[in-house]
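In what follows, a structure is listed as C-alpha cells, so that the remarks can point back to it.
Read the figures in this text as sums done on the coordinates, not as results from a lab. Only a predicted model underlies this, so the values are computations on that prediction, with no experimental measurement involved. Cβ placement follows ideal geometry from the backbone for every residue including glycine, while neighbour counts extend to all protein chains displayed.
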Amino acid sequence: MNTVVRPGLNWRKSSYSASSNCIEIAFSDDTVLVRDSKDKDGGILDFTPAQWISFVRAAGAGEFSRKPAE
C-alpha cells in the first residue's frame, strides 16, 4: 500500500456509485491506483495494468459475489 500523495492525477469513480462508500481510481504511467473516496489521504493501492484487468474481469464474471451459506 502506498501513502505517497501524487498530485496531478485525475481521480474518478463510477457514475453508478452513491455519494459515499466508493473507491476512486487513477491511472499513472504504468500503474492503476485505487483509494477510498471517504479517506483521500489514506493508503493507495497500486496495481499493474495486467493485475487491474484481471481483477475487473473477475469482478464482472461474479467471482467475488457472496455465496449463500450452506
### Task
Could you give me the residue pairs with C-beta distances under 9 Å whose first residue belongs to the stretch 39-61 and is farther than 19 Å from Asn21 by Cα, whose second residue is of a type in the set (Asp, Glu) wherever it lies, and which are 6+ apart or on separate chains?
Thr48/Asp30; Pro49/Asp30; Arg57/Glu63
### Task
Identify all residues within the stretch 34-55 that are among the hydrophobic types (A, V, I, L, M, F, W, C) and surrounded by fewer than 12 Cβ atoms within 10 Å (Cβ to Cβ); write none if there are none.
Ala50
